[in-house]
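Novice: The structure follows.
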Amino acid sequence: MTTSGVLADHQIKAMISDGGITATDPIAPEQIQPASLDLRLGAVAYRVRASFLAGRQRKVADRLADFQMHSINLENGAVLEKGCVYVVPLMESLSLPAGMTAAASAKSSIGRLDLLTRIITDHGVEFDRVPEGYTGPLYVEICPRSFSVVAQQGQMLNQIIFRQGKTLMSDDELQALHTQTPIVSGDPVISDGLGFSVDLRPNGGDLVGYRAKPHTGVIDLSKLGHYDPDEFWEPIHTDKGWIILDPGAFYILVSREAIVIPPMQAAEMAPYLAMVGEFRVHYAGFFDPGFGYAAAGGSGSRGVLEVRCHEAPFVLEHGQVVGRLVYENMAAMPDALYGREIKSNYQGQGLKLSKHFRSP
């Protein structure tokens, strides 16, 4: 029986070999991360009238029959337009054993494009959550918020982790971990996870973030290091230690703290209390073992914050707590760590746009 925790890379490979994870095309080695599996787009996107969940009594296919407007062939790439909602069947399907659940999120580069992507399942009542013992297909809902994009069959926009039994660390366990292996620069703020704040007083300048421009061209998701940031982003400068968030605008900011994920832990970003202000911080999701870890080539890495303001303009202050990092125990030591054995775009990162843009 698998020890409780988040499954490591070699355990995910075993699930593939045992038929717990299947796919229409063979799963490639580069899809398997230290504690997660990258999921691939299928050949067709369905434009739908609205976002939806299947509900306990229905399959996603039933809901597509209700809400589908038209279909788009993704084999050679196609434009997914800003403000529209699409549902794409994924290449991968699951057959989870008893005691195992799964959770999904957007990959880092996708979240930084303000591309809302959420996994849905047959009989599902939550986004990005796969219940214990689920057997069936996976779909992804895609809603470009700031930029229209070109997407293509086989591209990996989402990742999924597998949880066996109890995985979450208590605050006491997290404090003990920090005492043994520091997980954050400075004194930790631990309450239902590790709290972190926004950096609006950077060392070496007054650039604190970027705001997405409202009327831009299309971003081809296959083109890396290709686009001029000035065509899509407005730099945000301040020497005051605060900025005013505009309603409806999307920002890329960075955490004040440098974060470390030790080899036997994984972590997930979670939103902070809604009462702290008129904004929402969106997160790309999971942090693999080794993120920011010195032995894996890091010395603490900042968390990039994807921020959208709600109805009213809001003053965001330097050092304001905006989110928390929930740590989980691994079920086993991964064969590879983020930033060491695998190619990692964001090890040791600070304020950084997605990998589709040239360095400013």
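The values are calculated or read from the model by the stated rules, or taken from the named source; none is laboratory data. Computed from a prediction, not measured in an experiment: that's the story for all the values here. Because the Cβ atoms are built from the backbone with ideal geometry, glycine has one as well, and the counts that use them run over all protein chains shown. Heads up: the accessible areas ignore ligands, DNA and RNA and are worked out on the full protein's heavy atoms, side chains in. Shrake-Rupley method; radii C 1.70, N 1.55, O 1.52, S 1.80 Å.
Novice: Are there any strands (runs of 3 or more DSSP E) wholly within segment 300-341 with 3 or more residues that are open to solvent by 30 Å² or more (accessible area, probe 1.4 Å), and if so which?
Specialist: 314-317, 321-329
Novice: Please go through segment 31-55 and give me each residue that is surrounded by fewer than 19 Cβ atoms within 10 Å (Cβ to Cβ) and part of a loop (DSSP other than H, G, I, E, B), ordered by number.
Specialist: 43, 49, 50, 51, 52, 53, 55
Novice: If you don't mind, there's one more thing I want to ask. How about segment 174-194: which of its residues are open to solvent by 30 Å² or more (accessible area, probe 1.4 Å) and either assigned to a loop (DSSP other than H, G, I, E, B) or farther than 20 Å from residue 289 by Cα (or both)?
Specialist: 181, 182, 185, 186, 187, 188, 189, 191, 192
Novice: In addition: Would you please name the residue that is farthest from residue 334 (Cα to Cα), looking only at residues in segment 224-264 that are crowded, with 19+ Cβ neighbours inside 10 Å and among the β-branched types (Val, Ile, Thr)?
Specialist: 243
Novice: Does residue 63 meet the test of being within 30 Å of residue 147 (Cβ to Cβ), at pLDDT 95 or above and of a type in the set (D, E, K, R)?
Specialist: Yes, satisfied.
Novice: Against the definition (within 20 Å of residue 21 (Cα to Cα), open to solvent by 20 Å² or more (accessible area, probe 1.4 Å) and charged (D, E, K, R)), how does residue 58 come out, yes or no? Before you say what the answer is, go through the steps one by one.
Specialist: On the way: within 20 Å of residue 21 (Cα to Cα): no; open to solvent by 20 Å² or more (accessible area, probe 1.4 Å): yes; charged (D, E, K, R): yes.
No: the conditions fail for residue 58.
Novice: Okay, moving on. Those residues that are in contact with a Lys or Arg (Cβ under 7 Å, 6 or more places away or on another chain), modelled with pLDDT of 90 or more and on the phi < 0 side of the Ramachandran plot, I need them from segment 307-350; list them, please.
Specialist: Hit for segment 307-350 is 318, nothing else.
Novice: Of everything in segment 61-81 that's closer than 22 Å to residue 159 by Cα and assigned to a loop (DSSP other than H, G, I, E, B), which residue is least open to solvent (accessible area, probe 1.4 Å)?
Specialist: Within segment 61-81, the match that is least open to solvent (accessible area, probe 1.4 Å) is 74.
Novice: Can I ask one more? Name the residue that is surrounded by the most Cβ atoms within 10 Å (Cβ to Cβ), counting only residues in segment 1-30 that are part of a strand (DSSP E or B) and not polar (S, T, N, Q).
Specialist: 6
Novice: Right, next: Those residues that are in contact with a His (Cβ under 8 Å, 6 or more places away or on another chain) and of a type in the set (A, V, I, L, M, F, W, C), I need them from segment 203-250; list them, please.
Specialist: 207, 208, 219, 221, 224, 242, listed by residue number.
Novice: Does residue 116 meet the test of being in contact with a Cys (Cβ under 8 Å, 6 or more places away or on another chain) and within 30 Å of residue 263 (Cα to Cα)?
Specialist: yes
Novice: Ok, one more. In segment 235-262, how many are within 21 Å of residue 160 (Cα to Cα) and at pLDDT 95 or above?
Specialist: Looking only at that region, the number is 0.
A quick yes/no check of all residues on (1) of a type in the set (Asp, Glu); (2) touching a strand residue (DSSP E or B) at 6+ places or on another chain (Cβ under 8 Å); (3) under 18 Å from residue 358 (Cα atoms):
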residue	(1), (2), (3)
203	no, no, no
224	no, no, yes
229	no, yes, yes
243	no, yes, no
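Novice: Quick one: would you say residue 100 is crowded, with 17+ Cβ neighbours inside 10 Å, touching a Phe, Trp or Tyr at 6+ places or on another chain (Cβ under 7 Å) and hydrophobic (A, V, I, L, M, F, W, C)?
Specialist: yes
Novice: Here is a further query. Quick check on my filter: what residues within segment 202-223 are touching a residue at least 60 places away in the same chain (Cβ under 8 Å), open to solvent by 40 Å² or more (accessible area, probe 1.4 Å) and either farther than 16 Å from residue 148 by Cα or in a strand (DSSP E or B) (or both)?
Specialist: Listed by number, the list holds a single entry, 207.
Novice: Of the numbered conditions (1) surrounded by fewer than 21 Cβ atoms within 10 Å (Cβ to Cβ); (2) of a type in the set (Ser, Thr, Tyr); (3) within 30 Å of residue 76 (Cβ to Cβ), residue 197 satisfies every one except a single condition; which is it?
Specialist: The single condition residue 197 does not satisfy is (3).
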